[in-house]
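J.: My structure is below; once you've seen it, I'll send some questions.
The values are calculated or read from the model by the stated rules, or taken from the named source; none is laboratory data. Not measured: the values here are computed from a predicted model. Here the Cβ positions follow ideal geometry from the backbone for every residue, glycine too, while neighbour counts run over all protein chains shown. Just the protein is used for accessible areas: all its heavy atoms, side chains included, with ligands, DNA and RNA removed. Shrake-Rupley method; radii C 1.70, N 1.55, O 1.52, S 1.80 Å.
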2 protein chains.
Amino acid sequence: MTLADVNMVKVTSTAKENGSYHHGDLRRALIDNGLQLLEENMEANLGLRQLARLAGVSPGAVYRHFVNKEELLVALAVEGFGRLTQKQSRAYLEKKTVSNAMDAFRAGGAAYIQFARENPALFRLMFGRFSATHRNEELAKASKLNRDMMMLSISKVLGGERPARELHAFCVGTWAMIHGLSALILDQQLQEEGDDLDGLVEDIIRGASEWE
Amino acid sequence: MTLADVNMVKVTSTAKENGSYHHGDLRRALIDNGLQLLEENMEANLGLRQLARLAGVSPGAVYRHFVNKEELLVALAVEGFGRLTQKQSRAYLEKKTVSNAMDAFRAGGAAYIQFARENPALFRLMFGRFSATHRNEELAKASKLNRDMMMLSISKVLGGERPARELHAFCVGTWAMIHGLSALILDQQLQEEGDDLDGLVEDIIRGASEWE
DNA sequence: ACCTGAACACCGTTCAAGT
DNA sequence: ACCTGAACACCGTTCAAGT
């Protein structure tokens, strides 16, 4: 890791195929390269200069599209929330047409955990990296959209004739369980030797959907 | 942040009070300063040179006690797991003598969440920063000790006459909920304007202890 | 054994100057 | 408007040399 990443291939090939001084859509290219790099390295270090190099552009060029590195990471997180929400809503819809709210919740929860396992670095970037200070509006909106979708899905599992406060606590608790499960899996906290992790996840989600 | 942290005071004052070429216990001083800095900055950047400066020592000196920066962070995480476990076991013991398993679990769960809120940067360092590759043995032991304690506490809430697999899923699910709740609170995902967060946490823990 | 000082290869960020 | 090139103040890490 001391050497420059010599053997790193250019990931996206937009304009700027030699000669043109201006890159076609540098912002898009930086985000796409960033998302790809996150999952290749499996760690969320993500250098600004590294991304500029991949896009075939000088370090300073990045600052025409993002005020700083943090805003670039925020853009990646926003993209991540969009993809997570899309993945889950697809899972909900599939189940909802042929079955009931409980199956929809199970599918959505499984999709959430699957997303975390498929995109560990992005998931950690989305949650865990940004606190209240760094919170920008677009990110808040993207995460709220996902949150509201999950809460709605969970609330539908219940019959619906219980106090609002109790219902809310139940929904948040269930969401926290799905989220915590994802986090613990990424941190390798649930991997004793030779466990059936998939089976465990299935059992937990099924169990959660049968609480009352 | 572009300037050196000029106005930063020396946090711990061990030996090396001017003149002595050798620091008394540099390893300990680096860890103590690190833990303190984590919560002052609220963010887990934690420069190696920054810590060396605080200890009044050259950057290279750190490498006599830690093979690299990552190992220093691991040491901080180990310390964190120790403190979390201690805090929880105190909470368990208090309740266990005067009451039952359910109260003990509630107290332990509350202590877990309280620890996360009191030490957000440390909590994020403990979980979330180290994946399987970086996992060192001491850290694995410290985190396993905490995990086992929680699992035992949770399993005691149940009567005990149910299949082992179901019991395990229940315990992991409950732990995941406590953990996920902590994580979501730190990420500011549960803070609509003027919510009663403490009340919500209480409701969820109470609800969890009454599942069956 | 423990620490310094100076160097190395990197960062993120800024800014005049180029197209 | 967008990008380059060179500079600035930092990093983490290494290693001869000091005590």
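J.: Look through B:Ala176, B:Ala142, B:Ala164 and report the one residue that is more than 11 Å from chain A (Cβ to nearest Cβ) and open to solvent by less than 30 Å² (accessible area, probe 1.4 Å).
T.: Answer to the selection: B:Ala142.
J.: Could you go through segment A:147-154 and let me know if any residue there is facing chain B (nearest Cβ under 10 Å), surrounded by 14 or more Cβ atoms within 10 Å (Cβ to Cβ) and under 24 Å from B:Trp211 (Cα atoms).
T.: Looking through segment A:147-154, at least one residue is facing chain B (nearest Cβ under 10 Å), surrounded by 14 or more Cβ atoms within 10 Å (Cβ to Cβ) and under 24 Å from B:Trp211 (Cα atoms).
J.: Scan (1) at pLDDT 95 or above; (2) more than 7 Å from chain B (Cβ to nearest Cβ); (3) open to solvent by 30 Å² or more (accessible area, probe 1.4 Å) for the single condition A:Val157 breaks and write down its number.
T.: Going through the list (1) at pLDDT 95 or above; (2) more than 7 Å from chain B (Cβ to nearest Cβ); (3) open to solvent by 30 Å² or more (accessible area, probe 1.4 Å), A:Val157 breaks only (1).
J.: Here's another thing I want to ask about it. Here are A:Tyr92, A:Tyr112, A:Tyr63: which of them is hydroxyl-bearing (Ser, Thr, Tyr), assigned to a helix (DSSP H, G or I) and at pLDDT below 95?
T.: A:Tyr92 is the lone residue from the list that is hydroxyl-bearing (Ser, Thr, Tyr), assigned to a helix (DSSP H, G or I) and at pLDDT below 95.
J.: Please specify each residue of segment A:25-44 satisfying the condition of being touching a helix residue (DSSP H, G or I) at 6+ places or on another chain (Cβ under 9 Å), within 15 Å of DNA strand D (Cβ to nearest atom) and either part of a loop (DSSP other than H, G, I, E, B) or more than 25 Å from A:Glu118 (Cα to Cα) (or both).
T.: A:Leu26, A:Glu43
J.: Same structure again: Being open to solvent by 30 Å² or more (accessible area, probe 1.4 Å) and under 13 Å from the mean Cα position of the chain (by Cα) is true for just one of B:Glu137, B:Glu118, B:Glu94, B:Glu70. Which residue is that? Lay out the reasoning, then the answer.
T.: Details: B:Glu137 fails: under 13 Å from the mean Cα position of the chain (by Cα); B:Glu94 fails: under 13 Å from the mean Cα position of the chain (by Cα); B:Glu70 fails: under 13 Å from the mean Cα position of the chain (by Cα).
Testing whether each residue is open to solvent by 30 Å² or more (accessible area, probe 1.4 Å) and under 13 Å from the mean Cα position of the chain (by Cα) leaves just B:Glu118.
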